[in-house]
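Take a look at the structure below.
The values are calculated or read from the model by the stated rules, or taken from the named source; none is laboratory data. Computed from a prediction, not measured in an experiment: that's the story for all the values here. Positions of Cβ are backbone-derived with ideal geometry, glycine not excepted, and every protein chain shown enters the neighbour counts. Please note that ligands, DNA and RNA were not included when accessible areas were found on the heavy atoms of the full protein model with its side chains. Shrake-Rupley method; radii C 1.70, N 1.55, O 1.52, S 1.80 Å.
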Amino acid sequence: MVPNAGHLRLEQAGGTSASPRRITLLGATGSIGASTIAVVRERPADFAIETVTANRDAARLAELARSVGAKRAVLADAAGYAELKAALAGTDIAPAAGPAALAEAAAAEADIVVAAIVGAAGLAPTLAAVEAGRTVALANKECLVCAGALFSAAAKRRGVQVLPVDSEHNAIFQAMGSGARTDVRRVILTASGGPFRTTSKEALRSVTREQALKHPNWSMGQKITIDSATLMNKGLELIEAHHLFGTPPSELEVLVHPQSVIHGLVEFRDGSVIAALAMPDMRVPIAHCLAWPDRLDGPCEPLDLAKVATLSFEEPDMDRFPALALARHAMETGRGAPTVLNAANEVAVAEFLADRISFLGIAALVEATLEAAERGGLLQEPATVEHALELDRAGRAHARALLPQIAAKRS
Ligand code: NAD
Ligand code: MG
């Protein structure tokens, strides 16, 4: 956690620099994108969003680019270029589109790159930012799950600071600061338990898309909301923590905490446990990352523990939520198993959202895909981004081939 050389001081923090911190926002049209824009909008003297990107919604991206005063707007989908260009006509905002343009934008000069694309699709651009030496505020956990070892190696080689936006990892990052890494004995990620925390296994067989999309504590993009309902999100987060903090799988634990007030805990070898608490509002970790190593005035109402009154905890139920066990198993297996797990899960979540497989079918498809990949000799630690993406494609193909069998069961 060494501050970058030449790190700008913020105006609000009493610094002397008059120039705002320049931000590249990958995935600007999403939920984390919106929360980032909300934090920045309040502090025009401190931050300037210079680049915004999205997948294919040209109209929405152009509107956002205009509203934040960006210099450049980039779509991942090359087919949207003409529409984006037309929507930005008469402004100084430069349009671009396609995977190469996206990677180029991610690597462009900036003080911080907020990586908020969803899924393995974020790997190539986020890695491009790392390779260019940019400080990265990472929300896109799938890119660490898909290629954690090579991503971490690139960050280390380039001396890049990766700041965790994910609330649990942001909490752990802050708690880690109270001791030496070698004195850490256990790292605990909390989980809300999602909308089905108390739902019986029998009832889980027939839960609907609408029920799964109703998260009790957080409003987020659809994919992570479903991942939170299956607890796959917490599984992905275990793998994310493993790579971010270099914590061995045996020292990583999940604790269900329905109030989502404590986000993460670090236990040191003397028995001291440091917990980090905050309102369940993504603007808090985002503000922390954008300002780091400075601090901003709180972007949301202060935490009122007397109002919360009770903090409760329980063990996660691996039987009702097999996705968590599958992710832990993939983390322990290594050799590209997390890449395949993530790929299969992305396919499974899309199929569940399209109402083609059941809720329990999500974990069933991931499990069957992992088994098929193991049997087919597919598993191998990806050494390059091309290899990781190839493994990702192969994992998706295996998952799609297994779909009819999982869909037929509708378990
Ligand atoms: P979202 O679906 O709301 O937004 C995703 C963004 O990525 C959009 O801007 C979309 O245009 C872009 N995108 C989608 N597919 C793309 C592709 N193929 N190429 C390029 N861009 C693409 O998602 P979100 O909820 O904002 O989550 C973003 C990431 O942050 C995820 O990895 C998620 O796990 C993580 N995260 C989100 C939250 C949250 O509160 N939403 C909390 C912690 C971590
Ligand atoms: Mg999280």
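Residues that are touching a residue at least 24 places away in the same chain (Cβ under 8 Å), open to solvent by less than 70 Å² (accessible area, probe 1.4 Å) and not acidic (Asp, Glu) within segment 292-322 comprise Trp292, Pro293, Leu296, Pro299, Leu303, Val308, Leu311, Ser312, Pro316, Arg320, Phe321, Pro322, listed in sequence order.
Number of residues in segment 175-194 that are under 23 Å from the mean Cα position of the chain (by Cα), polar (S, T, N, Q) and open to solvent by 10 Å² or more (accessible area, probe 1.4 Å) equals 1. Of the strands (runs of 3 or more DSSP E) contained entirely in segment 22-122, those carrying at least 3 residues that are over 21 Å from the mean Cα position of the chain (by Cα) and of a type outside the set (Phe, Trp, Tyr) fall at 94-97. A search for C-beta distances below 8 Å between a residue of segment 143-166 that is of a type in the set (Lys, Arg) and any residue that is in a helix (DSSP H, G or I), counting only pairs 6+ apart in sequence or on different chains, returns Arg158/Val130; Arg158/Glu131. The set of residues from segment 200-216 being crowded, with 16+ Cβ neighbours inside 10 Å and either under 25 Å from Ala275 (Cα atoms) or more than 16 Å from ligand 1 (Cβ to nearest atom) (or both) comprises Leu204, Val207, His215. A Cβ distance below 6 Å, combined with a sequence gap of six or more or placement on separate chains, defines the contacts here; from segment 94-106, residues that are over 9 Å from Thr53 (Cβ atoms) reach residues that are among the hydroxyl-bearing types (Ser, Thr, Tyr) in the pairs Ala97/Tyr81.
Go through segment 118-133 residue by residue and tally those that are within 12 Å of ligand 1 (Cβ to nearest atom) and open to solvent by 30 Å² or more (accessible area, probe 1.4 Å). Break it down into steps so the answer makes sense when it comes.
First pass over segment 118-133, keeping only residues within 12 Å of ligand 1 (Cβ to nearest atom): 118-126.
Cutting the leftovers down to open to solvent by 30 Å² or more (accessible area, probe 1.4 Å) gives us 118, 121, 124.
Number of matching residues: 3.
Checking the condition within 18 Å of Pro293 (Cα to Cα) and within 16 Å of ligand 1 (Cβ to nearest atom), which residue from Val145, Val165 passes? Matching residue, one of Val145, Val165: Val165.
Taken as a whole, the condition of being modelled with pLDDT of 95 or more, part of a helix (DSSP H, G or I) and at negative phi applies to Ala363. In segment 292-322, of all residues being part of a loop (DSSP other than H, G, I, E, B) and basic (Lys, Arg), the one that is farthest from Leu236 (Cα to Cα) corresponds to Arg295.
Could you tell me which residue of segment 358-411 is least open to solvent (accessible area, probe 1.4 Å), considering only residues that are farther than 19 Å from Phe321 by Cβ and of a type in the set (Val, Ile, Thr)? If we take residues in segment 358-411 being farther than 19 Å from Phe321 by Cβ and of a type in the set (Val, Ile, Thr), then Val385 is least open to solvent (accessible area, probe 1.4 Å). Residues in segment 199-213: is at least one more than 16 Å from ligand 2 (Cβ to nearest atom) and under 21 Å from Ser312 (Cα atoms)? Looking through segment 199-213, at least one residue is more than 16 Å from ligand 2 (Cβ to nearest atom) and under 21 Å from Ser312 (Cα atoms). What pairs can you find where one residue is in segment 364-382 and under 15 Å from Pro404 (Cα atoms), the other is among the basic types (Lys, Arg), and their Cβ atoms are less than 9 Å apart, with a gap of 6+ or different chains? What qualifies is Ala364/Lys409; Thr369/Arg396.
Here Ala153, Ala116, Ala79 are screened, and the one residue that is touching a helix residue (DSSP H, G or I) at 6+ places or on another chain (Cβ under 9 Å) and not polar (S, T, N, Q) is Ala116. Of all residues in segment 323-357, exactly one satisfies the criterion of being open to solvent by less than 10 Å² (accessible area, probe 1.4 Å), assigned to a loop (DSSP other than H, G, I, E, B) and over 11 Å from Leu403 (Cβ atoms), namely Gly336.
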